[in-house]
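Have a look at the structure below before the remarks.
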Amino acid sequence: MTPSTVEPAPHARRTLFLLWCVFAVAQLDRNILSFALEPIALEFGLTDTQLGLLTGFAFAAVFVLVGFPVAALCLTRSRHAIVSVSVFAWSALTLASAGAQGFAHLLVARLGIGAAEAGAVAPAHSMISDLFPEDRHASSLSAFASGANFGVLLAALIGGVVGQMLGWRWAFAGAGLLGLIVALAFARLAVEPARAVHGDPDARDALLSQTLRTLLSQRGTRRALIAFLLMGALVIGTGVWVPTVFVRQYGLTLSQTGAMIALVAGFVGGTGTALCGLAVDWMGRRDARYRLYVVAGTVAVAALFKMVFLLIPTPLVGIAAFVLSTFFSFAFWGPGFAFVYAQIPGHQRPMATAILLLLFNFGGMAVGATVIGALSDAFAPGAGDRALSYGILCVMLVSPVAVWLFASAASTRPAIAHQRSDRPGPVSARWSR
């Protein structure tokens, strides 16, 4: 297959960069709590189960529910405006979290942040898919996803270093202020792209059922849906507890943990996500099946090294394994979404994004993070400081299933009836060789 000759619009890269910044501050406000779990637990006397609810269910429950009406709005409303309002709202709530006086206050704030962050990813993916030609979707979505790694870097620096020096409340205040700056920059400089497909306001109510029928009618997309559910547990569910593992199992201070994760997640993880996206698009031009085969391989490698990190608490071995795991952890994001988008009509992409995010965040935060916290409390009487690692390892047991799902989805044929009519190109030929 030859590369696309369609060039993105002149403002495409600027808007992509601003969306990258939005995703970064979203991950900052989402992950900064992970670096403050220990001091918050000590100040308010919370259990690991309560901490798991804050990092998991409280956020994910509203995030996934609000995502559906947001996806429907993307069909007829300005995606630029949706993102701008959302960034401002979650940043203001993060700033307000600095004044929390107990578990209930933090719980309410996390519910609000989760609802606001639902207005970021689906509109962003919709904008990116209209800004760039199809054969650049994996690399452009991977570039966007690498913002998550930079957001974790910021969370580590602000939550770890600032939290150690000035306290966790000042860390939350700094994160909220930075988000407000990004909200202003995005509102003024980002551009709403022309839509590939204009939505019909009368069809919004049926959009969810239509998209579900499209996704569930094909074996490949059915497997991708389950894979995203499991990847949520493997990446997000385990990831929110990694800083606590470094503090409890490796004996690092909060500032040491923050500095190290900032370097690893921000630079190593971001580089790995972006490079894997470029590699997948390059290989996919020869044979589209390679895209998900590469994804399956990265999932297996990331899971293997994360298990080494948990099982061997020797600092040199453990940190090296953590670095290698982080490099590959988010490589699935861009190619995974690009695979699903290639199977569905353009107007269904925002709702498909909401469905995938529901599964990803439900698996990661509502289930993964919460279950790990409960398992840690259950293992604590006999395992001590190793209890949290054992809880994470239990969740990691699903990784072979995720590998198989991605690999098997690579060779499935899309349903011809669901090939996109809004853009030219033999999509079915690309995915059915």
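The values are calculated or read from the model by the stated rules, or taken from the named source; none is laboratory data. Everything numeric in this text was worked out from a predicted model, so none of it was measured. Positions of Cβ are backbone-derived with ideal geometry, glycine not excepted, and every protein chain shown enters the neighbour counts.
Quick notes on this structure:
- Of note, H137 satisfies the criterion of being out of contact with any Pro (no Cβ under 6 Å at 6 or more places or on another chain), more than 26 Å from Q256 (Cα to Cα), modelled with pLDDT under 80 and not β-branched (V, I, T).
- Pairing each residue of region 103-114 that is in contact (Cβ under 8 Å) with a residue 60 or more places away in the chain with any residue that is in a helix (DSSP H, G or I) and among the polar types (S, T, N, Q), provided the two are 6+ apart or on different chains, yields C-beta distances under 7 Å for L106/S97; I113/T94.
- Candidate set from region 74-106 (those that are polar (S, T, N, Q) and surrounded by fewer than 18 Cβ atoms within 10 Å (Cβ to Cβ)); member that is farthest from R349 (Cα to Cα): Q101
- The sole residue among G258, G334, G277, G270 that is under 20 Å from the mean Cα position of the chain (by Cα), in a helix (DSSP H, G or I), at pLDDT 80 or above and of a type in the set (G, A, S) is G334.
- Any chance L53 is at pLDDT below 85, more than 23 Å from the chain's Cα centre (by Cα) and not acidic (D, E): no
- Scan of region 189-201 for residues that are loosely packed, with under 12 Cβ neighbours inside 10 Å and modelled with pLDDT of 50 or more, ordered by number: A194
- Matching entry among F144, F150 (being within 30 Å of Y293 (Cβ to Cβ), surrounded by fewer than 24 Cβ atoms within 10 Å (Cβ to Cβ) and touching a Phe, Trp or Tyr at 6+ places or on another chain (Cβ under 9 Å)): F150
- Reported count of residues in region 122-138, each being touching an Asp or Glu at 6+ places or on another chain (Cβ under 9 Å) and not in a helix (DSSP H, G or I), is 1.
- Where P400 falls short, out of the listed (1) of a type outside the set (A, V, I, L, M); (2) modelled with pLDDT of 85 or more; (3) closer than 26 Å to L216 by Cα; (4) crowded, with 24+ Cβ neighbours inside 10 Å: (4)
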